[in-house]
Amino acid sequence: MAKETTKEARATETAETKVEVVQEASQKEQKASRESVYSASELAANAKKVFGTRQECVAAALKAAGKTECTVTEAKEIVGKFLKREVK
């Protein structure tokens, strides 16, 4: 009987964990959907202040990613990956 109770408790914990993960994901999506979208030229113009890099780097990163507009969060990810790429 104790084993059955333990199994039920574990199943309940697993289900609760899955619900928490789904809730966190939906909160992140809502936050992302509330962010403003900026053009690539606006993001590049504010490169020093927002990304800590030169305008040319931001413009090149967004162009390489095929983005003409995006949120600041997306742009930071794109620019970060672009700056860390290995030069061949």
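Readers should treat all values here as calculations from the given coordinates under stated rules, not as data from a laboratory. All of these numbers come straight from a predicted model, not from anything done at the bench.
Below is a table of values for the structure above.
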{"quantity": "Extension reserve of the N46-K67 stretch, reckoned as 0.36 nm per residue once the Cα distance is removed", "calculated": "5.9 nm"}
{"quantity": "Whole-Hz ³J(HN,Hα) from phi, Karplus 6.51 cos²θ - 1.76 cosθ + 1.60, for the range 71-88, glycine and proline x", "calculated": "7, 5, 4, 4, 5, 4, 5, 5, 5, x, 5, 4, 5, 8, 4, 7, 7, 9"}
{"quantity": "Subset of K48/K88; K67/K88; K48/K76 violating a 20 Å alpha-carbon distance limit", "calculated": "K48/K88; K67/K88"}
{"quantity": "Phi-based couplings in Hz for the range 42-51 (Karplus 6.51, -1.76, 1.60; Gly and Pro marked x)", "calculated": "5, 5, 5, 5, 10, 4, 4, 6, 8, 10"}
